[in-house]
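Accompanying notes for the structure given below.
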Amino acid sequence: MIDVLSYPSPDWSNRPSRKATRKALDLNERGRVELDGGRLEEAERLFMQSVQTVPLIAMPWFNLGLVYKRQLRWPESAACNQRSVDLGANEQDPAFWNLGIAATALRDWQTARRAWSGYGIELEPGTGPIEMDFGPSPVRINPAGNAEVVWGRRIDPTRILIENIPLPGSGHRWRDIVLHDGEPKGQRSLGEHTFSVFDEILRWRASSIPTAECMVVAPTTAIQNLSERFQTEGWALEDWTSNLRMLCKTCSEGFPDSHAHGAFPSDAAGNHVGVAAPEQIATRLLDDWLSEVPGSTRTDLVPLED
């Protein structure tokens, strides 16, 4: 095995033979078959053999970086994608994108900025973290498990600040920042616009804002007013019962309006809501609202664990 983190710079004076090039390309193709089948260890072995046979071909380095990305081995992924870039990547080359993902995971902002600029993305000047507004975006958290699509705001090409309150058991909170992949996996509509859904890679930064849940009995319009009160003070309340729907996997990874789906499970005790705010503030806002809405009730707040 080679050490991809300390592999020497390309030696362009040592041109490979045609036989060696064919062998390297064959190993790369065999590695792709293993990678597509999810057999990452065997894929890594074949890509390693390919770059050892001929170090001057970009694609095996890119594919090896893809293996490491799936394994969350960020230093190795960054090194392999950097090598792929060094071997002649053009603008829009996916090696730039995966280098940007790996560098962002490592919080290596100099490399991330260089990667995004190489891909063709215009960034605001700076040297530290990228904190821009690339607009709204849906992201699928926990894509390999209990998947849930939430909305957020993209703050750089591969990070989204979550603006929904994720469901209990998701391991996520309102205002988490998640690192996401660059391949679209479905679509969602917001107003007249359609946005691509991207899969979460990891929870990049956990929110410090506590999340709780409770049941609320009140008219839907009154619960909407309650949500607006939380928002006015800089916090969040989400009516999961009214706002969420359950999708099959096919529609979740495509467009959800292709056929009918069920609503979020209802409860005779009222509407299930999520609350993102310190307990004292959440209690005050809820109780002030209850005093103004005749017949409304709520259960106690139950804190949610990550």
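Restricted to region 106-154, and to residues that are polar (S, T, N, Q) and touching a strand residue (DSSP E or B) at 6+ places or on another chain (Cβ under 8 Å), which residue is surrounded by the fewest Cβ atoms within 10 Å (Cβ to Cβ)? Taking the candidates together, the pick is Asn142. Residues of region 127-161 that are aromatic (Phe, Trp, Tyr) and outside any loop (DSSP other than H, G, I, E, B): Trp151 alone. Scanning region 186-213 for residues being over 11 Å from the mean Cα position of the chain (by Cα) and assigned to a strand (DSSP E or B) gives a total of 13. Count of region 172-194 residues, restricted to those that are touching a residue at least 60 places away in the same chain (Cβ under 8 Å) and crowded, with 17+ Cβ neighbours inside 10 Å, is 9. Looking across region 129-156, the residues that are of a type in the set (D, E, K, R) and touching a His at 6+ places or on another chain (Cβ under 9 Å) come down to Arg140, Glu148, Arg154. Only one of the listed residues (Arg114, Arg153) is without any contact (Cβ under 8 Å) to a residue 24 or more places away in the chain, among the charged types (D, E, K, R) and closer than 28 Å to Glu305 by Cβ. That residue is Arg153. Only one of the listed residues (Asn98, Asn164) is in a loop (DSSP other than H, G, I, E, B) and polar (S, T, N, Q). That residue is Asn164. When region 51-105 is filtered for residues that are in contact with a strand residue (DSSP E or B) (Cβ under 9 Å, 6 or more places away or on another chain) and polar (S, T, N, Q), the ones remaining, listed by number, are Asn98, Thr104. Please indicate, with yes or no, whether at least one residue in region 140-149 is in contact (Cβ under 8 Å) with a residue 60 or more places away in the chain, in contact with a Phe, Trp or Tyr (Cβ under 7 Å, 6 or more places away or on another chain) and β-branched (Val, Ile, Thr). Checked region 140-149: no residue is in contact (Cβ under 8 Å) with a residue 60 or more places away in the chain, in contact with a Phe, Trp or Tyr (Cβ under 7 Å, 6 or more places away or on another chain) and β-branched (Val, Ile, Thr).
Of the set (1) in contact with a helix residue (DSSP H, G or I) (Cβ under 9 Å, 6 or more places away or on another chain); (2) at pLDDT 95 or above, all apply to Gly186 but (2).
Of the helices (runs of 4 or more DSSP H) lying entirely inside region 215-306, those containing at least 2 residues that are outside the structural domain of Thr194 (by TED's automatic domain parsing), β-branched (Val, Ile, Thr) and modelled with pLDDT of 90 or more are 220-232, 279-290.
The values are calculated or read from the model by the stated rules, or taken from the named source; none is laboratory data. Source: prediction; values computed, not measured. All Cβ positions, glycine included, derive from the backbone under ideal geometry; neighbour counts span all protein chains shown.
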